[in-house]
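Here is the structure we will look at, set down as structure tokens.
The values are calculated or read from the model by the stated rules, or taken from the named source; none is laboratory data. Model, not experiment: these values are computed from the prediction. Backbone-built Cβ (ideal geometry, glycine too); neighbour counts: all protein chains shown. Only protein heavy atoms, including side chains, enter the accessible area calculation; ligands, DNA and RNA are left aside. Shrake-Rupley method; radii C 1.70, N 1.55, O 1.52, S 1.80 Å.
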Amino acid sequence: MLVTLFGQNFRSLRDPFELSMVAADLKRKQDSSRGTIEAPIDGSEKPLKLLRAAAIFGPNGSGKSTVLLAARALRWLIRMSSPTGKPGVNIPPYEPFALDKQTRSAPVTLGCRVVFGRSLLTYEISFVAQAIEHELLTRHDGAGETVLIDRRVANVSGQLVENSQVNKLYVTQMQPHVAVLSKLAQHGPAEGDEAARPYEQALLNAIDYEDFSDACFQRVGFPAHERFADESTYQNWIMARLMKKADVGIGSVRVERKDVEFPKPLLDLAAKLGTPKLPEKQVVVSFVHAGTERQALDFSEESAGTKKLFNIAHRWHAMAHEHMCLFADELTASLHPVLLRALIESVNDAAPRVRSQLIFATHDTGLLEGHDGNAAALRRDQFYFTEKDADGASSLYPLSEFKDSARPVHNARKRYLSGLYGAVPLVEKFSL
């Protein structure tokens, strides 16, 4: 589970930023424990109380997606820098703040703190275009802090290296563009005290990322669709828990595999690039709708919202069954506000056994407001804002920083739209 995501000089986030999932001590009774997960930590009298969800609001171009992309960039460094990184080529996540000549070639810093069993892991990495300058992985529990990896340019130390001859061998000539954690997790021991893989996996689980911008289209060869076709338990969960409850008129589903015909130019391009073989069969989903007659409709005939719901369903299934934190980009597009609220509340109000988190960017201010006497979909400390200053640099800050917690929660939307919290566009009048 994610505790904090932090960094500096990444894209528009020029200055230090931190997204904290640590729950604030809210006084309102209706907010006392909802939307939180308790994580016992050795050496601490009280469990760490973490938020289940966070929503980021702000104008277009203010840096909302950049916060999510920071998680994706950190994930690439941890998971992919060893198997896919190339010497002499810029590290792909190296995207410093471009509007200042001093920051344009300065290091990017990214990091996170996550729950690891009954302890806390902190991972931080600083890098320039073609080299990692500093990398630090520490574990904190009742016994204190243990340094697992400490990399300063070419010098690598830490318990994972010093206590393992195998790991020590792998870091003797460390490539400047490859993260030590990535290399040890891929090549080092898979089990035991010397293994880096459990630490890697805990970090990756806490910074999972998916871009849902194309979720309204049919996805050829999409693994989740293959699973939907092959696993009845998985299919039944999605149909019963999501599709049938969304009021989109669906009664049942038909699934079949059909031959896929790709245009010859696409086949030639795939062969030239040496990409994996394109699938010969495609899973075709047809939802059966109720009416004067029950009729199966081709997926292409479904509404954008129905397609979107189906194509994000695999992530909701994952959050119900795995310990993870999902950074979801373009989640809210094409979803009705009532449906979006229901999806968010399914995560935020989940049973204690569910240990997942959701972080997303949105323009749906309805989430800030309560309805029919009920509280807003999320707690006050689950709302974040981004805005840019005159220099083009983004800042990230939580609603809980504003000292108006005694006010009725349904006023938050009105106060935000009136500009009292900032992070609203200052739009001049358009003319045609």
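Tabulated data for the structure shown
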read-out: Where labels lie 7 Å past Cα in the beta-carbon direction, separation of Asp349 and Ser431 in nm; value: 4.9 nm
read-out: Shape of the range 361-405, Cα gyration tensor, a/c cut at 1.5; value: prolate
read-out: Positive dipole terminus of the chain, leading residue within Leu5, Leu297, Leu426 (C-beta point charges); value: Leu426
read-out: Listed pairs Lys64/Lys308; Lys49/Lys308; Lys244/Lys277 exceeding 27 Å between Cα atoms; value: Lys49/Lys308; Lys244/Lys277
read-out: With all protein chains modelled, accessible area of Arg415 [1.4 Å, Å²]; value: 50 Å²
read-out: Largest to smallest principal axis extent of the C-alpha atoms in the chain, angstrom; value: 72, 61, 53
read-out: Leading residue at positive end of dipole, the range 39-133 (Cβ point charges), from Phe57, Ile132, Thr122; value: Phe57
read-out: Zone residues, the range 361-382, relative to Ser33, backbone N less than 17 Å from point 7 Å out along Cα-to-Cβ; value: 379
read-out: Residue-wise HN-Hα coupling along the range 167-181, computed from phi with Karplus coefficients 6.51, -1.76, 1.60 (Hz; x: Gly, Pro); value: 5, 4, 5, 5, 9, 4, 10, 6, 5, x, 8, 10, 5, 4, 4
read-out: Cα-based Kirkwood hydrodynamic radius, the range 235-348, one decimal, Å; value: 16.5 Å
read-out: Given charges at beta-carbon only (K, R positive; D, E negative), |dipole| of the chain in Debye; value: 440 debye
read-out: The range 250-310 - charge dipole about Cα centre, Lys and Arg +1 at Cβ, Asp and Glu -1, debye rounded to 20; value: 240 debye
read-out: Separation in nanometres of the label points that stand 7 Å from Cα toward Cβ, at Glu322 and Asn155; value: 3.9 nm
read-out: Heavy-atom accessible area order for His187, His317, His336, largest first, 1.4 Å probe; value: His336, His187, His317
read-out: With all protein chains modelled, accessible area of Asp25 [1.4 Å, Å²]; value: 120 Å²
read-out: Backbone HN-Hα couplings from phi across the range 330-336 [Karplus 6.51/-1.76/1.60, Hz, Gly and Pro as x]; value: 6, 6, 8, 4, 6, 9, 4
read-out: Whether the range 153-296 is rounded, prolate or oblate, judged on the alpha carbon gyration tensor where a/c under 1.5 counts as rounded; value: prolate
read-out: Carbon/sulfur fraction of accessible area - the range 91-193, other protein chains in place, 1.4 Å, %; value: 48 percent
read-out: Heavy-atom accessible area order for Glu135, Glu162, largest first, 1.4 Å probe; value: Glu162, Glu135
read-out: Length added when fully stretched, Ser44-Glu18, from 0.36 nm per residue minus Cα-Cα; value: 7.1 nm
read-out: Lys281 long-range amide H proximity, modeled H, under 5 Å; value: Val260
read-out: Centre separation in Å (Cα based) which lies between the range 1-71 and the range 315-346; value: 17 Å
read-out: 19 Å Cα-Cα reach of Lys272 towards lysines, excluding residues that sit fewer than 8 places from it in its own chain; value: Lys264
read-out: Three-way shape call for the range 22-146 based on the alpha-carbon gyration tensor, with the a/c threshold at 1.5; value: oblate
read-out: The chain, relative contact order [Cα under 8 Å, separation at least 6], %; value: 20 percent
read-out: Accessible area of Ser33 in the full protein assembly, 1.4 Å probe (Å², nearest 10); value: 80 Å²
read-out: For the range 309-432, convex hull volume per residue from C-alpha positions, Å³; value: 162 Å³
read-out: FRET efficiency estimate (nearest 0.05) - Cβ-Cβ, His336 to Asp391, R0 45 angstrom; value: 0.75
read-out: Amide H contacts of Val178 (H built 1.01 Å from N, under 5 Å, at least 5 apart or other chain); value: Ile132
read-out: Largest-first ordering by accessible area, 1.4 Å probe, given options Leu426, Leu169, Leu160, Leu266; value: Leu426, Leu169, Leu266, Leu160
